[in-house]
1. Would you mind giving the total buried accessible surface between chains B and A, with a 1.4 Å probe and ligands, DNA and RNA left out, rounded to the nearest 100 Å²?
2. Grab the beta carbon distance between A:Gln5 and B:Ala61, set R0 = 41 Å, and tell me the FRET efficiency rounded to 0.05.
3. With a cut-off of 8 Å between alpha carbons and a minimum separation of six or more residues, what is the relative contact order of the range B:1-88 in percent?
4. Take the Cα coordinates of the range B:45-129, assign each an equal point scatterer, and use the Debye formula without solvent to give log10 I(q)/I(0) at q = 0.15, 0.16 Å⁻¹.
5. What spacing in nm lies between the two simple spin-label points modelled at A:Lys51 and A:Gln71, each 7 Å away from Cα in the Cβ direction?
6. Pick out, in residue order, every one of the GluC sites (Glu not before Pro) in the range B:1-94 that is DSSP loop and has at most 11 other C-beta atoms within 10 Å; say none if there are none.
7. What distance in nm separates the two pseudo spin-label positions at A:Ser19 and A:Lys34, each 7 Å out from Cα along the beta-carbon direction?
8. Pick out, in residue order, every one of the trypsin sites (Lys or Arg not before Pro) in the range A:16-81 that is DSSP loop and has at most 12 other C-beta atoms within 10 Å; say none if there are none.
There are 2 protein chains.
Amino acid sequence: MKYSQATDYALHAMLHLVSEAPDKPVSVHLLAEKLGVSPTYLSKMLTKLVKAGLIHSVPGANGGYRLRRSQEDISFLDIIHAIEGTASVFECSLNHGSECQIQQVVLDAERQMEEYLRNRKISDITRPS
Amino acid sequence: MKYSQATDYALHAMLHLVSEAPDKPVSVHLLAEKLGVSPTYLSKMLTKLVKAGLIHSVPGANGGYRLRRSQEDISFLDIIHAIEGTASVFECSLNHGSECQIQQVVLDAERQMEEYLRNRKISDITRPS
DNA sequence: TAATTAGAGACTTAATGAATCCATAATAAC
DNA sequence: GTTATTATGGATTCATTAAGTCTCTAATTA
Ligand code: SF4
Ligand code: SF4
């Protein structure tokens with residue numbers, strides 16, 4: 001069970017946006033260069049982050065991406081959910097009702113992890129790669 | 001990010017072994033029938049559980065699988081690790097030393113989840129499907 | 001010795017991840 | 001208004017992994 005590479009890229013991209021782009025939008029071209037990844041590929045993840053409401057995009061010349069002013073406290077969980085989706089780690093085919101204990105244990109465990117990631121904000125980290 | 005179907009089967013198989021087979025070994029054929037899965041496929045997972053030291057196998061007629069007497073307190077984490085392996089959910093290509101904060105946050109989050117799963121024993125659950 | 005069971009490996013198929021390419025739309029600079 | 005610049009979206013390719021089957025072998029008991 002692993003997070004996709006895309007989540008890795010998204011985390012790093014957000015880290016750059018937080019620490020280096022307070023106001024001016026930065027283009028996907030520049031971001032991709034810093035991360036060492038294809039611009040067209042990185043653009044997919046940035047689009048997901050836009051749709052999740054974490055960042056804002058401005059098209060046209062000198063455009064790019066910048067943080068949403070309204071949302072300074074972006075959590076790790078926000079980014080991960082934006083890329084990976086919010087599906088649960090455990091989904092059995094035949095759902096034997098809500099009192100199933102196997103599901104309860106595994107889902108509670110997942111909630112522990114999510115709670116931790118929800119409390120960690122990307123702005124806490126200040127060391128870009 | 002999801003656990004594989006194999007983990008699902010392994011959890012259910014262990015649950016059956018705990019609740020229904022205190023002594024007599026139960027064959028993979030019977031287990032597979034109860035779980036509604038192919039015997040040869042289920043056998044892969046049971047073999048992994050054997051190698052992880054969670055259960056014991058006895059070949060020959062009237063053989064099958066039974067719990068290891070020594071290990072009554074099998075945790076969810078034991079089973080999951082036996083099937084999924086112990087690789088981390090987050091592994092970046094270029095490892096910038098141990099002080100990397102991105103890795104620290106995500107791996108700490110994973111540790112939260114694992115700690116929870118380590119404290120939940122399969123013997124706590126007693127409602128087979 | 002024969003029947004029964006686990007174990008191991010090759011193999012097939014389907015799904016997903018990772019990435020590229022191209023075509024379109026929107027915006028700003030000129 | 002035209003053009004350059006940028007994001008957005010879809011289609012497509014390639015590689016990897018999950019999921020499952022088939023078959024042969026080894027061990028054990030009846
Ligand atoms: S017992 Fe729980 S995990 Fe198992 S099949 Fe039923 S609902 Fe799903
Ligand atoms: S900053 Fe951390 S997560 Fe990012 S590439 Fe370096 S070691 Fe990996």
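1. Chains B and A together bury roughly 3600 Å² of accessible area.
2. 0.25
3. Working: 91 pairs, mean separation 31.6, N = 88.
Computed over the range B:1-88, the figure is 36 percent.
4. The computed values of log10 I(q)/I(0) come out as -0.70, -0.76.
5. 1.4
6. Within the range B:1-94, the qualifying GluC sites (Glu not before Pro) (loop, at most 11 other Cβ atoms within 10 Å) are B:Glu72.
7. 0.9
8. Answer in residue order: A:Arg69.
The values are calculated or read from the model by the stated rules, or taken from the named source; none is laboratory data. The model shown is predicted, which means the values in this text are computed figures rather than measured ones. In this analysis, Cβ positions are derived from the backbone assuming ideal geometry, glycine residues included, and neighbour counts consider all displayed protein chains. Surface accessibility is based on the protein's heavy atoms, side chains included, excluding ligands, DNA and RNA. Shrake-Rupley method; radii C 1.70, N 1.55, O 1.52, S 1.80 Å.
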